[in-house]
Amino acid sequence: MRIEHDVPLRDFNTFGLPAMAATLVHIGSEADVRRVIDDAVLGRAPKFILGGGSNIVLTRDLPQVVLKVEVRGLRVVEMRDDAVIVEAGAGERWHDVVAWTIEQGLPGLENLALIPGTAGAAPVQNIGAYGMELADRFESLDAVDLVTGRTVTLDAPRCRFGYRDSLFKQALAGKSLITRVRLRLPRPWRPVLGYLDLQRRCEEAGFIEGRLPGARQIFDWVCEIRRAKLPDPAVIGNAGSFFKNPVVTPEQCRDIIARDPHLVHYPMDDGHFKLAAGWLIDACGWKGKSVGAAGVYEKQALVLVNRGGASGGEVVTLARAIQESVYGRFGIRLEPEPVIL
Ligand code: EPU
């Protein structure tokens, strides 16, 4: 267990925002978590769990003990008739997990390629993209209770997955540290091609009924689509989508369409409609706009970016201004996706 003091966090959050951690502990194993809990000083201190830092907005220095999760490991744990089970240490980069499974000839995660962050953070906000969510490929996880030091294994129902949501964003937020995640890759594999951008790729590449692309092809397409639409955090700081796509009633949806016929909306199984927050923000004229060094990405209005040297305060000020104008025009309150600290 390695402990550091007064650590700059700029390189530990994909937004590249400046903030300091008074104490940062590198967690390499479950035993490390228990050492922290048993420590006379660290044990009692409030804690903050840091994964890849791809879903946080730092607006201040962190007084809590920062537990930086670095548990490694990547292996196949079970080959069943109906699925292959793969286990990843929580500190593995999510994209490396996806790329590794594809290289091993184990399809199933290809739609979730190139999502920033760690494997351990993936269940926290139930990452999703291109017609797939983590919950669709989730088997179980191990997590250590930060008070008792006990390890529990939770299956999908107990994780209470929702849209960009789970028990770890609710009742267990900050209370339980995920150490390992197991993923279920269903057999036989079937491509997930419902998302419009992927359908287009299929048509362009001449794939038609009966002749379907392989997992490696879908992985490559997803990487290309993401690179074209979303900024690479290594080049321009960001935390992916800044707001969740709002869910509205059929009446609300009809109301908005009556005024704005081009509204991008998707019907949900329960009769509600999900609206494209990016479209709403774009319609309010925010694309390319800035507050200080915090800006709205030119190619995707749902993504806020750090144009260089932004503070967390500037990002939050920009986010509030966007929320107000979307509320003013559409009567919809956008909810931030990342955790604001
Ligand atoms: N749109 C605009 N203007 C914009 C942005 C989007 O008109 O500036 C329109 C697009 O033309 C499209 C629709 O809005 O018709 C939806 O856009 P897109 O397909 O890019 O997806 P999204 O709803 O903006 C969601 C996820 C992304 C995920 C993509 C692909 C959320 C909050 N975001 O974005 O997830 O990669 O779908 O599945 O659900 C993330 O969570 O960080 C993230 C990047």
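Figures for the structure shown
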read-out	value
Charge dipole (debye, nearest 20) of the chain; +1 at Cβ of Lys and Arg, -1 at Cβ of Asp and Glu	380
Centre separation in Å (Cα based) which lies between the range 236-259 and the range 89-113	30
Rough spin-label spacing in nm, given labels placed 7 Å along Cα→Cβ, for Arg2 and Gln170	3.7
Descending principal axes extents, the chain, alpha-carbon based, whole Å	62, 53, 36
With at most 16 neighbouring Cβ atoms within 10 Å, loop GluC sites (Glu not before Pro) (DSSP) excluded, longest segment of the chain	1-208
Portion, in percent, of the accessible area of the chain that falls on carbon or sulfur, probe 1.4 Å	50
Additional length obtainable on full extension of the chain from Ala22 to Asp197, 0.36 nm per residue less Cα span	58.6 nm
Projected label distance in nm at Gln104 and Arg227, using a 7 Å step from Cα toward the beta-carbon	2.5
Cα-based reach from Lys244 at 19 Å (exclusive), listing lysines while leaving out same-chain residues under 8 positions away	Lys169, Lys229, Lys274, Lys287, Lys299
Contour minus Cα-Cα distance for Arg10 and Arg60 (0.36 nm per residue)	16.8 nm
Rounded Å value of the spacing that divides the Cα centres of the range 1-71 and the range 273-300	31
Amide proton proximity set for Val303, modelled H, under 5 Å, gap of 5+	Phe242, Tyr297
Per principal axis, descending, Cα span of the range 165-205 in whole Å	48, 23, 12
Karplus-derived HN-Hα couplings along the range 30-44 (A = 6.51, B = -1.76, C = 1.60, θ = phi - 60°), whole Hz, x at Gly and Pro	4, 4, 4, 4, 5, 4, 4, 5, 7, 6, 4, 8, 4, x, 8
Nitroxide proxy distance, nm - points 7 Å out along Cα→Cβ at Phe207 and Glu335	3.3
Under 5 Å, built H, 5+ apart or other chain: amide partners of Thr179	Asp142, Ala143, Val144
Inter-centroid distance (Cα atoms) of the range 134-157 relative to the range 158-194, Å	9
Accessible area in square angstrom per residue, the chain, 1.4 angstrom probe	46
Förster radius 45 Å - calculated FRET efficiency between Met79 and Tyr163 (Cβ-Cβ, nearest 0.05)	0.90
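The values are calculated or read from the model by the stated rules, or taken from the named source; none is laboratory data. Every value quoted in this text rests on a predicted model; they were computed, and no experiment measured them. In this analysis, Cβ positions are derived from the backbone assuming ideal geometry, glycine residues included, and neighbour counts consider all displayed protein chains. Surface areas here come from the heavy atoms of the whole protein model, side chains and all, with no ligands, DNA or RNA. Shrake-Rupley method; radii C 1.70, N 1.55, O 1.52, S 1.80 Å.
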